[in-house]
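Only one structure is covered here, and it is reproduced in the block below.
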Amino acid sequence: YELLKHAEATLGSGNLRQAVMLPEGEDLNEWIAVNTVDFFNQINMLYGTITEFCTEASCPVMSAGPRYEYHWADGTNIKKPIKCSAPKYIDYLMTWVQDQLDDETLFPSKIGVPFPKNFMSVAKTILKRLFRVYAHIYHQHFDSVMQLQEEAHLNTSFKHFIFFVQEFNLIDRRELAPLQELIEKLGSKDR
């Protein structure tokens, strides 16, 4: 709760680069866990506002522009990546992330319970997959976002997300390619 309060307090001040830095004396895993939950909730909410525009018919494949297509696999129920519509993919993704976040062995909610050795790799996978939802929204639904007058909210959320994953090197550069231009633009405005 204290960590979340810090993140929110700093967000209001407008310096997102500072907002993402590990607060002095805090545990890195704890900071990444708190922020991962926060980004999940933000993306869930943002995507929720455009679900009526993201349908089986309008988005028969999960993509981020013409060059990037995503196939779903969770490694347990669906081992071989499957091609599916964007709403189906995002439903699989959000359900999978929620299951990870609810798993006490991965995301311990009790103070003093250690994070597992594989925590960082799980967090990276979650964030990489959440990025794909941002990429899909920007590439396929930005007109709808603008009609709803939500672009400032989407941009602030995405900028916070990107600064966070950059600060801790949590997503491979190649994975960020679908929004590279936007990422560079957001970063240059902040220097």
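Things to note:
- The criterion of at least 2 residues that are modelled with pLDDT of 95 or more and either of a type outside the set (Lys, Arg) or in contact with a Phe, Trp or Tyr (Cβ under 8 Å, 6 or more places away or on another chain) (or both) is met, among helices (runs of 4 or more DSSP H) falling completely within segment 1-49, by 28-48.
- Residue in segment 109-125 that is out of contact with any helix residue (DSSP H, G or I) (no Cβ under 6 Å at 6 or more places or on another chain), farther than 21 Å from Trp31 by Cβ and of a type in the set (Val, Ile, Thr) present: no
- Count of residues meeting criterion [crowded, with 16+ Cβ neighbours inside 10 Å and either of a type outside the set (A, V, I, L, M) or under 18 Å from Ile82 (Cα atoms) (or both)] in segment 39-66: 11
- Pick from segment 163-191, criterion of a type outside the set (D, E, K, R) and farther than 24 Å from Asn15 by Cβ, ranking: surrounded by the fewest Cβ atoms within 10 Å (Cβ to Cβ): Ala177
- Annotation: of all residues in segment 129-162 being surrounded by fewer than 21 Cβ atoms within 10 Å (Cβ to Cβ) and hydrophobic (A, V, I, L, M, F, W, C), the one that is nearest to Glu181 (Cα to Cα) is Phe142.
- Considering Pro108, Pro116, Pro87, the condition of being surrounded by 14 or more Cβ atoms within 10 Å (Cβ to Cβ) and in contact with a Cys (Cβ under 9 Å, 6 or more places away or on another chain) is satisfied by Pro87 alone.
- Tally of residues being under 22 Å from Glu167 (Cα atoms) and either part of a helix (DSSP H, G or I) or touching a residue at least 24 places away in the same chain (Cβ under 8 Å) (or both) across segment 109-137: 18
The values are calculated or read from the model by the stated rules, or taken from the named source; none is laboratory data. Remember, it's a predicted structure, so these values are computed and weren't measured experimentally. Cβ: placed from backbone, ideal geometry, glycine included. Neighbour counts: every protein chain shown.
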